[in-house]
Amino acid sequence: MATHKVKIAARLRPRIQGELDDDSIHIVHSSNDTGGSSSSLTGGSFITVPNPRDPTQIFKFPFSSCYDQDSTQEEIYRNDVEPLLDIVYSGVTVTIFAYGVTSSGKTYTMQGSKQEPGVIPRVIRGMFDKKNSLKQFQTTLSVSYMEIYKDDVYDLLVDRENAPKLPVRENHAGMVFVANLTSAPISNVAEFDSTYNNATLRRSVGATNLNRASSRSHAILTIEATMVDPVANTTLTGKINLVDLAGSENNKLTGNDPARMAESAAINKSLSVLGQVVHALNQGASRIPYRNSKLTRLLQDALGGTSVGLLICNLAPGIKFRQDTLNTLK
Ligand SMILES: Nc1ncnc2c1ncn2[C@@H]1O[C@H](COP(=O)(O)OP(=O)(O)OP(=O)(O)O)[C@@H](O)[C@H]1O
């Protein structure tokens, strides 16, 4: 029986201006919940959504953690993210995904704003704070950042003109890796911020050049911790992947634009394979379909073995998203 699991959380974003609220989507906190505040409970809650074709039929979706419109970035970090940093420093790979349709709040959850920083800036601060408390190790942190667009991999830490598609290879032990991906050492938060901000700019410039939105690609930011114990003469490596997934999309919205349809097909395929992989892992299945997409192939070592994952399903409350919300939840 497999021991690895991907925890699945849901977050309903608040209504944004001009959006008609779908007040039939409810987060129900189970009665045996004891911890947390009223906006975020982690003891097993569920979301209810009526069937658009038959409102008397109520679909019920259970989640390990549910965050409603009033939940804060701080709550998500404290409840579900911060506990994972100790796991990284024990030499394990952790992966956090933000999943959902376009405009459901993935980027807000991962990056946040200056006033309300999201998972990425909080993880960076947490990683440096913990590093400084690990006295017995000489610990170094490094960052890599890549983008998967239509199953091609690009390095976001190098200029676009010098950024060819990177090959995906497998080593002797069967471990999949991206050849020639930059790994930049970071010695403090300011150094990370500067590297990351440049890369984010590069991602949006690249996206504009390719005539697409950056939300049409998956972005994988990886922070690796290398811990050397000089007394025991051992080295331990742990890492955390922070993944802002491309928006899942209703194919009907792509019109007849062939480029858009190909893009959409690639996104939907990789997201559907990710769903199958997470399901298979959580069922303890013996065969996990990693190889069916570049995204899951690349994250194979991050999802299998002793690795740990957190998938945050972002949901939009608007009526026009009802069917997408159901698709995400399913
Ligand atoms: N929890 C939240 N609280 C306040 N505002 C939010 C929240 N979540 C999302 N928003 C706002 O909703 C809008 C859409 O969110 P965001 O851009 O994060 O969506 P997305 O899923 O990343 O979209 P895309 O797939 O197009 O990148 C933004 O204006 C964002 O600031």
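Miscellaneous remarks
- Taking 0.36 nm per residue of sequence separation and removing the Cα-Cα distance, the residue 201/residue 140 pair yields an extension gain of 19.4 nm.
- Over region 97-224, all Cα pairs binned in 10 Å intervals from 0 give whole-percent P(r) values of 11, 38, 35, 14, 1, listed from short to long.
- Based on every Cα atom in the chain, Rg and the maximum pairwise Cα distance Dmax equal 19.8, 67 Å.
- Tail weight of P(r) past 17 Å, computed on alpha-carbon pairs of region 100-161, percent: 63 percent
- Computed in the context of the full set of protein chains, the accessible area of the chain at 1.4 Å probe radius has 52% of its extent on carbon or sulfur.
- Here residue 269 and residue 129 are evaluated by their C-beta separation; at R0 = 41 Å the FRET efficiency comes out at 0.55.
- Cα-based equivalent ellipsoid, region 54-151: semi-axes from gyration tensor eigenvalues, Å: 30, 17, 15
- The distance linking region 235-314 with region 107-166 is 18 Å (Cα centroid to Cα centroid, whole angstrom).
- Note on residue 70 and residue 191: their simple-model spin labels are 4.3 nm apart, each label 7 Å out from Cα toward Cβ.
- Set 106/131; 294/330; 130/269 screened for pairs whose C-alpha atoms are more than 32 Å apart: 130/269
- 0 to 90° range, to nearest 10: angle between helix 258-283 axis and the chain longest Cα axis: 80 degrees
- Overall dimensions of region 252-317 as given by Cα atoms, namely Rg and Dmax in Å: 14.2, 44
- Calculated P(r) of region 127-196 - Cα pairs past 19 Å, %: 49 percent
- The H on the amide N of residue 248, modeled in the peptide plane, is under 5 Å from the matching H of 100, 101, 102, each at least 5 residues off or on a different chain.
- Solvent-accessible area per residue, Å², over the chain with all protein chains present [probe radius 1.4 Å]: 48 Å²
- DSSP beta bridges confined to the chain are antiparallel in about 70 percent of cases.
- Once both labels are positioned 7 Å from their Cα atoms along Cα-to-Cβ, the gap between residue 235 and residue 283 label points is 4.0 nm.
- Kirkwood-Stokes translational diffusion coefficient of region 279-330, alpha-carbon pairs, 20 °C, 1.002 mPa s, µm²/s: 163 µm²/s
The values are calculated or read from the model by the stated rules, or taken from the named source; none is laboratory data. In this text, all values refer to a predicted model and were calculated from it rather than measured experimentally. In this analysis, Cβ positions are derived from the backbone assuming ideal geometry, glycine residues included, and neighbour counts consider all displayed protein chains. SASA here: full protein model, heavy atoms, side chains in, ligands and nucleic acids out. Shrake-Rupley method; radii C 1.70, N 1.55, O 1.52, S 1.80 Å.
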